[in-house]
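Student: Once you've had a glance at the structure underneath, I'll fire off some questions.
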Amino acid sequence: MTFKNTPKIELHTHLEGCAPPSFIKGLAAEKNLDLSKIFTPEGGYAFRDFDHFLQVYEAACTTLQSPEDFRRLTLAVLEETAAHGVVYMETFVSPDFCGGGDLVAWREYLAAMQDAANQAETQFGITLKGIVTGIRHFGPEACKPAAKCAVETFGDFITGYGMAGGEMVGRPGDYAYSFDMAREAGMPLTCHAGEWGGPDMVADTIRDLRVARIGHGISAVQDPALMEQIAEQGIVLEVCPGSNVVLNAVEGWADHPIVKLRDRGVKVTVSTDDPPFFHTTMTAEYDMLHKTFGWNEDDFKTINETALAAAFCDDDTRARVA
Ligand code: ADE
Ligand code: ZN
């Protein structure tokens, strides 16, 4: 049984994290960069744990040096993602990896991504929107230029603001300035929380950053009152089960809390996070949810309705991809 052809809405991916190892190797060769340390002998990405994953991720990003590199990456990623039935995808993009927070450079990188997105829409039938992302372990000060880039480019392609990176660095409130700036510009918000932090991290993220969605959020399962609050407020979780399994945020597929969260009325969606790093695809995620929990077309229909309603795009786009 495979759900490869089921139409899918994916809310949580990181653009650089979607780069296949072969793509990064090709860029490294073009630029004479020795990145052999970040690959396994079999050709995958080599990392031991989450902190090491972030280091390997950032090493891979050093090969992405120009708008043209991002144009090629975006097109390759969208072709692969569309092959798994994804018709609408949101991706985290970081000014830190696209010109270092400089607004003029950022606009050039964005134009290249948008150019690729337009081409992919025609060629592969997939729509892409970008969520500008601060990198938490770079610190609250570094997130401010990212938020400024977000606010200045909020529009057709850039539809939201968020934060990824090392979750245990600081507290959510330390990053309130950036989230306030984005919210005041009318941007919808999401933030990684509860992937590594406990339910207190999820609760503080909701209270201090006032987000509409949470990246992961799986530790909320440890706190029934918090699950009730999340359900009541209609906050949507961007759940990435395969990522959680490979990074050991959960013990295995059978232990994943997505069913418990859903049964408590929490709105859950399904995404891949960084598919080549975690040896996953949207097809693999759906197939494993079927195999592990017996989820079927009806369950996936609900998941996709939830995801589309929570997407940060405008209603015209929503209607077009539905
Ligand atoms: N950046 C890329 N993938 C991430 C993840 N799973 N958690 C936090 N930051 C990330
Ligand atoms: Zn993520």
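No lab work stands behind these numbers, since they all come straight from the coordinates. Keep in mind the model is a prediction, meaning the values are calculated, not measured. All Cβ positions, glycine included, derive from the backbone under ideal geometry; neighbour counts span all protein chains shown.
Student: For the range 174-266, what is the charge dipole size about the Cα centre, in debye to the nearest 20, if Lys and Arg each add +1 at the Cβ and Asp and Glu each add -1 at the Cβ? Spell out each step's value before the answer.
Tutor: On the way: 7 positive and 14 negative charges, 55 e Å.
Here the size comes out at about 260 debye.
Student: Using amide H atoms built 1.01 Å from N in the peptide plane, name the residues 5+ places from residue 86, or on other chains, whose amide H lies under 5 Å from its own.
Tutor: 8
Student: Here's another thing I want to ask about it. What is the spin-label model distance, in nm, from residue 5 to residue 46 if the labels are put 7 Å beyond Cα along the C-beta direction?
Tutor: Result for the modelled spin labels: 4.1 nm.
Student: Right, next: Once the Cα gyration tensor of the chain is found, what semi-axes does its equivalent ellipsoid get, as square roots of 5 times the eigenvalues, in whole Å, sorted largest first? Intermediate values should be presented prior to the final figure.
Tutor: Details: eigenvalues 139, 105, 85 Å².
For the chain, the ellipsoid semi-axes come out as 26, 23, 21 Å.
Student: Would you mind computing Rg(Cα) / (2.2 N^0.38 Å) for the range 138-242, counting N as its residues? Mind showing how you got there, number by number?
Tutor: Values: Rg = 13.3 Å, N = 105, 2.2 N^0.38 = 12.9 Å.
Rounded to two decimals, the normalised Rg is 1.03.
Student: Then there's this: So for each of 129-139, 31-41 I average, over its residues, the number of other beta carbons within 10 Å; can you give me the resulting order with the highest mean first?
Tutor: With the highest mean Cβ count within 10 Å placed first, the list reads 129-139, 31-41.
Student: Return the ratio Rg/(2.2 N^0.38 Å) for the range 28-155, where Rg is computed over Cα atoms only.
Tutor: Normalised Cα radius of gyration, the range 28-155: 1.11.
Student: Going by how many other Cβ atoms sit within 10 Å of their own, how do 268, 202, 259 line up, fewest first? Please list the in-between numbers first.
Tutor: On the way: 268 21, 202 31, 259 16.
Taking fewest neighbouring Cβ atoms as first place, the list is 259, 268, 202.
Student: Which parts of the range 236-259 would a label at residue 222 reach, counting a residue when its backbone N lies under 16 Å from a point 7 Å out along Cα-to-Cβ?
Tutor: Residues 248-252, 256-258 fall inside that zone.
Student: On to the next question. Express in nm, to one decimal, how much length is gained between residue 30 and residue 200 on full extension, taking 0.36 nm for each residue of separation and deducting their alpha carbon distance.
Tutor: Extra length from residue 30 to residue 200 when fully extended: 56.7 nm.
Student: What ranking do 156-168, 218-230, 269-281 get when scored by the average of other Cβ atoms within 10 Å per residue, highest first? Display every interim value, and only then the final one.
Tutor: Numbers: 156-168: 21.5, 218-230: 19.4, 269-281: 23.8.
Descending packing order for the listed peptides: 269-281, 156-168, 218-230.
Student: Mind scanning 4/291; 148/267; 4/260 and naming the pairs with a C-alpha gap bigger than 19 Å?
Tutor: 148/267; 4/260
Student: On full extension of the chain, what length is gained from residue 292 through residue 103, given 0.36 nm per residue of separation minus the C-alpha to C-alpha distance?
Tutor: Residue separation times 0.36 nm, minus the Cα-Cα distance, leaves 63.5 nm.
Student: Now for a separate question. Simple spin-label model, 7 Å along Cα-to-Cβ: residue 171 to residue 55 in nm?
Tutor: Label-label distance for residue 171 and residue 55, simple model: 3.0 nm.
Student: For labels at residue 259 and residue 122 in the simple 7 Å Cα→Cβ model, what's the distance in nm?
Tutor: Roughly 4.6 nm, to one decimal.
Student: Let me ask you something else. What 222 nm value per residue comes from the helices of the chain, counting each DSSP H run with n ≥ 4 as -39,500 (n - 2.57) and dividing by all residues, nearest 500 deg cm²/dmol?
Tutor: Value at 222 nm, helices only, nearest 500: -14000 deg cm²/dmol.
Student: Next up: Using the Cα centre as the reference, give the magnitude of the dipole from point charges on the C-beta atoms of the range 8-313 (Lys, Arg: +1; Asp, Glu: -1; all else neutral), rounded to the nearest 20 debye.
Tutor: Dipole magnitude for the range 8-313 comes out near 180 debye.
Student: What's the FRET efficiency of residue 79 with residue 320 using the Cβ-Cβ distance as r and R₀ = 25 Å, to the nearest 0.05?
Tutor: With a Förster radius of 25 Å, E is 0.80.
Student: Another one. Just need the relative contact order of the chain here, percent rounded to a whole number, with Cα pairs under 8 Å and 6+ apart.
Tutor: 19
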